[in-house]
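I have placed the structure first, in the form of structure tokens, so that the comments after it can refer back to it.
The values are calculated or read from the model by the stated rules, or taken from the named source; none is laboratory data. Keep in mind that what you see is a predicted model, and the values were worked out from it rather than measured. Glycine also receives a Cβ, built like all others from the backbone with ideal geometry; neighbour counts cover every protein chain displayed. The protein model used for the area step is the full one, side chains on, heavy atoms only, and it has no ligands, DNA or RNA in it. Shrake-Rupley method; radii C 1.70, N 1.55, O 1.52, S 1.80 Å.
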Amino acid sequence: MKCPACFNELTQKQVGSLVVDVCEGGCGGVWFDAFELQRADEEQEAAGEHLLDIRRDPRVQVDFSRKRECPRCAGIKLKRHFFSAKRRVEVDECPNCGGYWLDAGELAQIRLEKSENANAEATAQSTLSPEVIRYLYRLQADGRANER
Ligand SMILES: [Zn+2]
Ligand SMILES: [Zn+2]
């Protein structure tokens, strides 16, 4: 398989039970087949850790404006879109096989974004302590009393 970004030959890399194709010694990008990305995109998933620092050639320049072809499906162009509603990280997805191409550094950004989301959720839950709920309830009750 050829790298869709710099045309270097991709190298198979085993991380845990996952086998992905990385552009080692090229642009440092990673190809995930369908459903592989979701096994490496969260911070507690160790597989992704080994994919954060793919050895790359600093002389390789990637042209982000160029349309890329899926390394698996001949003639199918990858679709560039934002990974999540936060619109921070752009990824390339194949509309045919469902695989993902991530440029160097994009996996790290996705993992960071996911951990931020998890932290925000945890904070939101912890702030609604019983005291807060009682307080809100009292406010509401007071409000009703004042209406009378
Ligand atoms: Zn490459
Ligand atoms: Zn494809």
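For E24, the amide hydrogen comes within under 5 Å of the amide hydrogens of T11, counting only partners 5 or more places away or on other chains and with H modelled in the peptide plane.
When the surface is traced with a 1.4 Å probe over the full set of protein chains, R55 keeps roughly 150 Å² accessible.
Overall, the accessible surface of the stretch 57-148 at a probe of 1.4 angstrom is composed of carbon and sulfur to the extent of 53 percent. Give the range of the longest stretch in the chain that excludes all chymotrypsin sites (Phe, Trp or Tyr not before Pro) found in loop regions by DSSP and having at most 16 other beta-carbon atoms within 10 Å. It runs 65-148.
Each of L139, L107 has its accessible area taken with a 1.4 Å probe; listed largest first, they run L139, L107.
The residues of the chain expose, per residue, 63 Å² of accessible area to a 1.4 Å probe.
Modelled spin-label separation between E49 and S65, with each label point placed 7 Å from Cα along the Cα-to-Cβ direction: 4.0 nm. Under 15 Å of direct C-alpha separation, and excluding same-chain neighbours fewer than eight residues apart, K67 reaches these aspartates and glutamates: E90, D92, E93, D103. Couplings 3J(HN,Hα) of the stretch 114-125, computed from phi: 5, 6, 4, 4, 4, 5, 4, 5, 4, 5, 4, 6 Hz, in residue order, whole Hz [Karplus 6.51 cos²θ - 1.76 cosθ + 1.60, θ = phi - 60°; x for Gly and Pro].
Residues whose amide H falls under 5 Å from that of N8, counting only those 5 or more places apart or on a different chain, are C3, with hydrogens built in the peptide plane.
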